[in-house]
Amino acid sequence: MRSYDLSPLHRFTVGFDNVSRLLDAATRLDDAALSYPPYNIEKLGADDYRVTMAVAGFAESDLDVTVEDSTLIVRGRMDRDETGDDAEPRTFLHRGIATRAFERRFELADHIKVEGARLVNGLLHVELKREVPEEKKPRRIAIGQGHARAIEHQAEDASEAA
């Protein structure tokens, strides 16, 4: 198992306490969990993203997309039995379309909001948007004369005491 020493990062970062938790979670994942269902993550614009998952065979009612804290969770489970629409069971000569249950988690960065989800031609598209609040956007800080004023204030106090 890999371990990372993040203590050098703490010298110049503030509020990134969850980074070690994310790295630990990433090292615990196995390759089988990462292979199904296949997915893409696209950057559509400066603040727009899309997660696309190949979910062939799943209907909208078989899929569940939720956000818990800052984690996007996509679950799939087929409630139908393997008999299909017919009353008789099917016999497969080759079965290449997986219909097993899955759960895929995506950690969302701060200020990423889920706009919606849609199922088109066996692909589940989850639309994401970064919405940075006005108070979090970069702003210019004016440099004032606060220190000089404090010196003047001290001088006034000294003259009053005399």
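Since every read-out is calculated from the coordinates, none of them should be taken as a lab result. Fair warning: this is a prediction, and the values are worked out from it, not measured in the lab. Here the Cβ is made from the backbone with ideal geometry for all residues, glycine too, and neighbour counts use every protein chain on show.
Scanning segment 111-128 for residues that are without any contact (Cβ under 8 Å) to a residue 40 or more places away in the chain and not aliphatic (A, V, I, L, M) returns His111, Lys113, Glu115, Gly116, Arg118, Asn121.
In segment 92-108, the residue that is nearest to Leu63 (Cα to Cα) out of those that are in contact with a Gly (Cβ under 6 Å, 6 or more places away or on another chain) and either in a loop (DSSP other than H, G, I, E, B) or without any contact (Cβ under 8 Å) to a residue 60 or more places away in the chain (or both) is Thr99.
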